[in-house]
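Undergrad: Sharing a structure here in structure tokens format.
The values are calculated or read from the model by the stated rules, or taken from the named source; none is laboratory data. What you see is a predicted model; the values in this text were computed from it and never measured. Because the Cβ atoms are built from the backbone with ideal geometry, glycine has one as well, and the counts that use them run over all protein chains shown. Side chains are part of the model used for accessible areas, which takes the heavy atoms of the whole protein and leaves out ligands, DNA and RNA. Shrake-Rupley method; radii C 1.70, N 1.55, O 1.52, S 1.80 Å.
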Amino acid sequence: MYYRETPDYHLNQFWQRQRRLQVLLFRFLFILFFVSVFVGIFILEYNFLSLREEAREKTSSEHWNEFPTLVERRNHPLEDEYEYMSRICFILQPSQVDMKRHTSRVKSIKKTWAKHVPRNRLFFVGNHSYDPLEKVLQPDYHVLDYGGGVLLNALIESLDRCPEDTLWFVKGDTNTFFVVRSLFRYLESMEQISIAKTSMLMPMFLGRPLTDPHGTIFNSGGAGYILSRPALLLAADAQKDTRKDCSVDLMKQFRKKQKSKAALTGDDLIVARCLSSLGVVPMETRDQTGADRFHAFDPGAMVLNRAHSWYHDYSKYKIQPGLSCCSAGSISFHYVEEGAAKYIDTFLDNQTSFLELSNKELLEYVPTKGFGGFGTRPSAGNCEEIFKFLLR
């Protein structure tokens, strides 16, 4: 006896094949849907980043349209000074103090003093990016362990990375606050003085001079320092000469020899040694009253005379107490964390209107946190001198 295929049997087989095809089709469509979603998200993200970068590049040339509002608030004719931005490039080194603050420091920089700095003129020294669109200098870390050799390489690399019309290379830490208005005015005046004397921009090394126990003069890295293009070009050429203190081999030897004195073997001293061997030494940067323009501590510590003892010990000249400590045209302050940067930037942006407020009212603009271990937060008992300095 054999099994006889009936019409129902063929019909069942047909429907089973249909169901299998439907399942396969459903699975295919399900996979295709998710692939399409992921591809769509990737394309949208790519287009968003491209548009964001394009907007930032456009901002580099058009951002200054915002300045009339700032001009009205500050009551200063700043338009021409902000045009001077096209001659400056900032190179910021991650602070080694409380490294967990690094990400918040970078965000704070962009929101405060660097909010009007075009992205192609703001670089961070590091071996990784903190933002997919961040401008990062990646020097050869195998040259030296972290220190002056790495920074010097980054500064030299910035010659190629910064726009070709850059005349000044401004180095700071990620907890350095720059008063860009004063910076522009000062550098423009230095350029005019240089051209008047020599008909060209001279090699210059500007900052807060300190002196090591052996008498070597160097600029404080935390207070920030500035190299003119001719000075940095000299260092770049000298790095290829094994007989110069700028060479990799001699930097390694110096670093190894001075390893036990780590406080004086970082970027401050090594960059200064390189430039000094080329005849470029720290210049006088105080104003006509003898007050400093570059500061290794925040405004509160400087005005209240709370700078650490090492600063007094290494300072090339005596640090003046009270308001005499700091020039009305001060350019930089160190150990300025997120909270301090926020209130300092707010005060500088609203100098004219804030003059009418009482100290109690001004304290409302001071955050309760974000000052770090070296910062000085204004309080009811010490704010008068600090506010007077910031608003003068």
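Undergrad: Return the residue satisfying two criteria in turn: it lies in region 79-114 and is part of a loop (DSSP other than H, G, I, E, B) and touching a residue at least 60 places away in the same chain (Cβ under 8 Å), and of such residues it is farthest from residue 180 (Cα to Cα).
TA: That would be 98.
Undergrad: Determine, yes or no, whether residue 331 is of a type in the set (Val, Ile, Thr), at pLDDT 95 or above and touching a helix residue (DSSP H, G or I) at 6+ places or on another chain (Cβ under 6 Å).
TA: Spelling it out, residue 331 is indeed of a type in the set (Val, Ile, Thr), at pLDDT 95 or above and touching a helix residue (DSSP H, G or I) at 6+ places or on another chain (Cβ under 6 Å).
Undergrad: Can you find, within region 316-344, the residue that is farthest from residue 104 (Cα to Cα) among those that are in contact with a Ser or Thr (Cβ under 8 Å, 6 or more places away or on another chain), open to solvent by less than 20 Å² (accessible area, probe 1.4 Å) and of a type outside the set (A, V, I, L, M, F, W, C)?
TA: Of everything passing the filter in region 316-344, 327 is farthest from residue 104 (Cα to Cα).
Undergrad: Here are 87, 121: which of them is of a type outside the set (S, T, N, Q), open to solvent by 20 Å² or more (accessible area, probe 1.4 Å) and within 20 Å of residue 161 (Cα to Cα)?
TA: 87
Undergrad: Out of curiosity, is residue 47 at pLDDT 50 or above and either within 27 Å of the chain's Cα centre (by Cα) or open to solvent by less than 80 Å² (accessible area, probe 1.4 Å) (or both)?
TA: Criteria met by residue 47.
Undergrad: Run residue 371 past the list (1) assigned to a loop (DSSP other than H, G, I, E, B); (2) open to solvent by 50 Å² or more (accessible area, probe 1.4 Å) and report the number of the one that doesn't hold.
TA: (2)
Undergrad: Turning to a different aspect of this structure: Restricting to region 170-217, and then to whatever is aliphatic (A, V, I, L, M) and within 21 Å of residue 309 (Cβ to Cβ), can you tell me which residue is most open to solvent (accessible area, probe 1.4 Å)?
TA: For region 170-217, the residue satisfying everything is 217.
Undergrad: Same structure, new question: Within region 362-372, is there a residue that is in contact (Cβ under 8 Å) with a residue 24 or more places away in the chain and at positive phi?
TA: Scanning region 362-372 turns up at least one residue that is in contact (Cβ under 8 Å) with a residue 24 or more places away in the chain and at positive phi.
Undergrad: Could you tell me whether residue 163 is open to solvent by 10 Å² or more (accessible area, probe 1.4 Å) and either at pLDDT 90 or above or under 24 Å from residue 192 (Cβ atoms) (or both)?
TA: yes
Undergrad: With the requirement that a residue be touching a Phe, Trp or Tyr at 6+ places or on another chain (Cβ under 8 Å) and either under 30 Å from residue 99 (Cβ atoms) or free of Cβ contacts under 8 Å to residues at least 12 places away in the same chain (or both), what does region 343-361 give you?
TA: Correct list: 343, 344, 345, 346, 347.
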